[in-house]
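Let me begin by presenting the structure, written as structure tokens, before commenting on it.
What follows draws every value from the coordinates through simple rules; no lab data is involved. Keep in mind the model is a prediction, meaning the values are calculated, not measured.
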Amino acid sequence: MIELPTSEEIALACQAMPLFPLPGVSFFPHTLLPLHVFESRYRDLVRDTLVGHKLMALPRLDEGWESDYDGRPRVLPVCGMGLIVRQQQLPDGRYNIILLGLQRVRVLEEPATDTSYRVARVALLEDDDAEDSAAVSSASLRLQAMLSQVLGSDEERQSEVRRLLSRPRTPEELCDMAAHLVLREAQSRQRFLSTPSLLRRHELVIAALLPSFGTHTAGEA
């Protein structure tokens, strides 16, 4: 049984959140991300995090990061925050870890620290308050139906879709997990992550699935 942090623990961690910037990665809530940690600074991050709140944020490195990778290259501000739910330390100090995505956060500022890794103050991102719950429920049912059809037509994703649909999911869970399976391009994944409307996020995943049905949304080429 995974012990999730309380809202108070998350709020405290957001004041000094360890950052694990990665190229081309957009980490969604309700998904699992395995990582092999080999760089010295990120070994330090995992070690310190394991004895603390076990939380970290994974911002995506912005374009041009290659020229300053060992320093503090720019990151995209909206990213996923995750909890270490499994860890294995190897004899040479490297780690294999699995993160469970918890929430979307925005990087606000990076204060100077004495750690080898980057730390930031982050804010939790909440969905739009004025969301139409009936429209969200309708979109969620449509997405579930489309995924059920993909199950029978895409051998590559059958087992993952079957696991996704194996039990009831909240609209948030279904949408995030479906996006993780369906959205392949880095730009599409970051756009999804940065969208504050749950209804709009459903629409982005549904639009990505439509070509599998030989259908296009209005305005698409």
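Listing for the model above:
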{"quantity": "Space enclosed by the convex hull of the alpha-carbon atoms of region 7-124, per residue, Å³", "calculated": "98"}
{"quantity": "Cα centroid separation - region 153-177 against region 1-68, whole Å", "calculated": "25"}
